[in-house]
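**Student:** First the structure, then my questions, so here it is.
The values are calculated or read from the model by the stated rules, or taken from the named source; none is laboratory data. These numbers were taken from a predicted model, which means no experiment stands behind them. Reconstructed Cβ throughout: ideal geometry from the backbone, glycine too, with neighbour counts over all protein chains shown. Keep in mind that these areas ignore ligands, DNA and RNA; they rest on the heavy atoms of the full protein, side chains included. Shrake-Rupley method; radii C 1.70, N 1.55, O 1.52, S 1.80 Å.
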Amino acid sequence: MHVMAMPEGWRRLALADLPRERWRNGAGWTRPVASAEADGETLWRVSLAEISQAAPFSRFEGLDRTAVLVAGGPVHLHSP
């Protein structure tokens, strides 16, 4: 097995070492991986989410969101 070296400035993260935060709507959890802020506003964020139950999709005004299913599923999104 060949293992590539990590790029300079990068480090490996263990999922268990990332803080777990409850979603605002209480229907899941998120573990922030990386983010950038300026003037108190989030510019971008990468996080891993755990969906616990069906619930409305939370809006974050001014932010574009991209969701990628990593494991489990299926996930169904419905538009009103």
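**Student:** How much net charge surrounds Asn25 when only other residues with a Cβ under 15 Å from its Cβ are counted (Lys, Arg +1; Asp, Glu -1)?
**Tutor:** After counting each charged neighbour, the total is +2.
**Student:** Using a 1.4 angstrom probe, figure out how much accessible area the chain has per residue, in square angstrom, rounded to the nearest whole.
**Tutor:** Accessible area per residue: 95 Å².
**Student:** Quick one: pull the percent of accessible area on the chain belonging to carbon and sulfur, 1.4 Å probe, ligands and nucleic acids left out.
**Tutor:** Carbon plus sulfur share of accessible area: 55 percent.
**Student:** Take Ala54 and Trp29, extend 7 Å from each Cα along the Cα→Cβ direction, and tell me the distance between the two endpoints in nm.
**Tutor:** If labels sit at Ala54 and Trp29, their model points lie 2.4 nm apart.
**Student:** What three numbers, in Å, describe the spread of the alpha carbons of the chain along their principal axes, ordered from the longest?
**Tutor:** 47, 38, 21
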